[in-house]
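The structure is given below, and queries will be raised subsequently.
What follows draws every value from the coordinates through simple rules; no lab data is involved. Keep in mind it's a predicted model, so treat the numbers as computed, not measured. Every residue, glycine among them, receives a Cβ derived from its backbone with ideal geometry; neighbour counts consider all protein chains shown.
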Amino acid sequence: MANTDTNTYEQVYNVREDETLLSRVALVVCVLAERGLFVAGFSITKELLTIHYAGYSRNKPVWELDFFEHLFANEPLLLVREKVKGLFVSSHKNIIVPDELYAERDAVQWMQRIFYIEEQEAIVKYPLINDKATYLHSIPLNMSELIRINFKKAVIQPLAAYQFGVRQAQSLQLQCCISNDQVTATLHNYSQLLWHRIFDYSGAEDIAYAIKLLCRENYIDAAKLNITCNALSGAEYDVINELTQYFPGIKGGNGHTIHDRWDPSVMLANQLLGCVL
């Protein structure tokens, strides 16, 4: 980890020590979180080569435009825009509307009643085909324009898209993606969507509390949950490790055991690439 200033930090993961890794990158996926950017580079054969992450602390506002503009201009993996195949956006302002209830105007009004949506925010919709629903989330208009200008050919999806895609045939599967300050969590019971939420946390105990509260409110035995965790950087490994004190059976996002600090990020990168190729 390299600190560029007191509020910003960067991490890099390479699959091996090789000075030619960057030159071999042909496919790129990235995640825009409210205070961070995750970028993964793959070879033409879809082999993960490297992950770059940059984020900033909670004492600065979400979606700081200067931070993202600087990274879009200087991040080595983003310099060739045509290599960026998928861009995933994480916003805590979101709702899911079943198709039988969906009407665009009404859905936007529901969003505006549930969240404080400013005039300078764009509401974006995304179809959840497997769940027969529509996912809506909001991002600032200036960020939306920045994405449009820089990534004209990339597939744009919410970060949660991979959690609504191909799933393991398990009962009560809770999929989590952890960033430095938020959790994107989705609960399915086989093919049935039960719950989705993006929430803030300060430590593993906050995540455990949110999960156990979810179980209590929905009359679910927490011991029966199949929990999988991905992460945006190696720093979240400690949080996931602490979370195993409350839920010992936690696996990585692909259902495999987590052995290494970067395993949750590697699994995330591969699942995101599967959403766009």
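Over 19 Å between C-alpha atoms is what I'm after, so list which of Lys46/Lys85; Lys46/Lys152; Lys83/Lys153 land there.
Working: Lys46/Lys85 12 Å; Lys46/Lys152 22 Å; Lys83/Lys153 9 Å.
Beyond 19 Å: Lys46/Lys152.
What nm value, rounded to one decimal, do you get for the distance between Thr45 and Gln109 when each label is placed 7 Å out toward the C-beta?
5.6
Dividing the convex hull volume of the Cα atoms of the stretch 166-276 by its residue count, what figure in Å³ per residue is obtained?
Numbers: hull volume 10.6 nm³, N = 111.
Convex hull of Cα atoms, per residue: 95 Å³.
Could you calculate the FRET efficiency of Leu22 with Leu277 from 1/(1 + (r/R0)^6), where r is the beta carbon distance between them and R0 is 25 Å, rounded to 0.05?
Values: r = 20 Å, r/R0 = 0.81.
That pair, Leu22 with Leu277, gives E of 0.80.
Using a Gaussian network for the chain with springs between C-alpha atoms less than 10 Å apart, which of these wobbles most: Thr244, Thr50, Thr20?
Thr20
Additional query: Name the most mobile residue of Gly255, Gly86, Gly55, meaning the one with the largest mean-square fluctuation, in a Gaussian network model of the chain with Cα contacts below 10 Å.
Its mean-square fluctuation being the largest, the pick is Gly255.
Given +1 on the Cβ of Lys and Arg, -1 on the Cβ of Asp and Glu, and no further charges, what dipole in debye does the stretch 1-158 carry about its Cα centre, rounded to the nearest 20?
Numbers: 17 positive and 21 negative charges, 70 e Å.
That gives a dipole near 340 debye.
Which translational diffusion coefficient, to the nearest whole µm²/s, is obtained for the stretch 19-93 from the Stokes-Einstein equation, given a Kirkwood hydrodynamic radius over C-alpha pairs, 25 °C and 0.890 mPa s?
Translational D for this selection: 189 µm²/s.
Taking 22 Å as R0, compute the FRET efficiency from the Cβ-Cβ separation of Trp195 and Glu118 and round it to 0.05.
Working: r = 27 Å, r/R0 = 1.22.
Here the calculated transfer efficiency is 0.25.
Please compute the length gained on full extension between Glu69 and His256, using 0.36 nm multiplied by the number of residues separating them and subtracting their Cα-Cα distance. Could you put the intermediate results ahead of the total?
Details: separation 187, 0.36 × 187 = 67.32 nm, distance 3.58 nm.
That works out to 63.7 nm of additional length.
Projecting each Cα onto the charge dipole of the stretch 166-276 (Lys/Arg +1, Asp/Glu -1 at the beta carbon, about the Cα centre), which of Ala222, Val239, Tyr190 comes out farthest on the positive side?
Comparing the listed Cα positions along the dipole, Tyr190 ranks first.
So how strong a dipole does the stretch 166-276 carry about its Cα centre when Lys and Arg Cβ are +1 and Asp and Glu Cβ are -1, to the nearest 20 debye?
440
Still on this structure: Specify, per residue and in Å³, the volume enclosed by the convex hull of the alpha carbon atoms belonging to the chain. Write down the numbers at each step before the final one.
Numbers: hull volume 37.1 nm³, N = 277.
Once divided by residue count, the hull of the chain is 134 Å³.
Using the alpha-carbon centroid of each, what span in Å lies between the stretch 210-228 and the stretch 17-84?
Between the Cα centres of the stretch 210-228 and the stretch 17-84 lies a distance of 34 Å.
Hey, in the GNM for the chain with a 10 angstrom Cα cutoff, which one of Phe199, Phe115, Phe164 fluctuates hardest?
Phe115
Rounded to the nearest 20 Debye, what is the dipole magnitude of the chain about its Cα centre when Lys and Arg each give +1 and Asp and Glu each give -1 at the C-beta? Let's see the in-between values first.
Details: 24 positive and 32 negative charges, 159 e Å.
Magnitude of the dipole: close to 760 debye.
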